[in-house]
């Protein structure tokens, strides 16, 4: 066991009250990793609070332990852990300005903002990184924990379809199935099933599609969200549909926010293009093929800036004159 792993195990076992949190607008890997680690710590006899500043999306309320998630922490903690979170800003208000004791993540753009940092960019998901190490930390993966971990693997690989899907990831999924996780149900709930308001919201986004300079992009306005009845502040995973359209190097999604900012998501279909480098320019981050940022400003102004920066990165990384 490495020195870092020894330190992590020591901190986990010495702690009595633990806060575990993840990033704002949590996805399946954030939620699944949060639940798996939280339940694992609870099984070790720890008093655990699981906090997501933006709350739990309805589409993940089926996961075991989801009823334990709250939007605000309460009391003091002798151990604070973030999972699947690349920087302090993305953690939102859950940390209350406190530096995490332990950061567990797989984003290449992670800023190593904890006292201890377990960052494994080669892992397809934070759930995958947790699976590598939880047994060495003294945690037995139960069927309830397996459901969260498998959800993390499924969602961050888009159903085992992304280029970074590895033999290790597939072996981990098989191990989780043997533990008791149900692939068909978790896959359906996280990747296929959508609500009627989400489908109407998609319709508004698809009607906005544009294409130029190797980029396909769509826009979701506050008006579209209101008219559709969609309750989230994200794109309802429309980016995964739009990124399947052929004929582009990069797909972009712009989602207008109530606070005067725009949530931007990038997906790269051209393996030469690293969209995380664009996201970093705007205070975001992510992976080579998938990244995001929240950019202050009006929708039209942010779109112009993002499209211009994305065009420049495409030209620079692909050698286009």
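Quick note: the coordinates plus some simple rules give every number you see, no bench work behind them. Just so it is clear, the structure is predicted and the values come from calculations on it, not from any experiment. In this analysis, Cβ positions are derived from the backbone assuming ideal geometry, glycine residues included, and neighbour counts consider all displayed protein chains.
A few remarks follow.
- Ranking of 62, 184 by count of other Cβ atoms within 10 Å, fewest first: 184, 62
- Fully extending the segment from residue 209 to residue 98, taken as 0.36 nm per residue of separation minus the present Cα-Cα distance, adds 35.8 nm.
- Helix 167-179 and the longest principal axis of the C-alpha atoms of the chain enclose an angle of approximately 50°.
- Averaged over residues, the count of other Cβ atoms within 10 Å places the peptides 48-60, 110-122 in the sequence 48-60, 110-122, highest first.
- Take the Cα of residue 223, go 7 Å toward its beta carbon, and the backbone nitrogen atoms of the range 272-301 under 14 Å from that spot belong to 299-300.
- Measuring between their Cα centroids, the range 149-203 and the range 234-283 lie 20 Å from each other.
- Residues 1, 131, 139 arranged by fewest to most Cβ contacts within 10 Å: 1, 139, 131
- Computed [θ] at 222 nm, deg cm²/dmol, the chain (DSSP H ≥ 4; -39,500 (n - 2.57); rounded to nearest 500): -11000 deg cm²/dmol
- Look at the Cα gyration tensor of the range 21-100: its axes a ≥ b ≥ c give a/c of at least 1.5 with a/b at or below b/c, and that counts as oblate.
- Per-peptide average of other Cβ atoms within 10 Å, ordering 34-41, 155-162 highest first: 34-41, 155-162
- Footprinting exposure proxy for 78, 87, 185 (fewest neighbouring C-beta atoms within 10 Å first): 185, 78, 87
- Equivalent ellipsoid semi-axes, the range 197-318, via Cα gyration tensor eigenvalues times 5, rooted, Å: 23, 16, 12
- Anisotropy class of the range 3-192 from Cα gyration tensor, a/c 1.5 cut: rounded
- The angle between the Cα long axis of helix 28-43 and the main principal axis of the chain comes to about 10°, on a 0 to 90 degree scale.
- Rounded to 10°, Cα long-axis angle of helix 3-14 versus longest principal axis of the chain: 60
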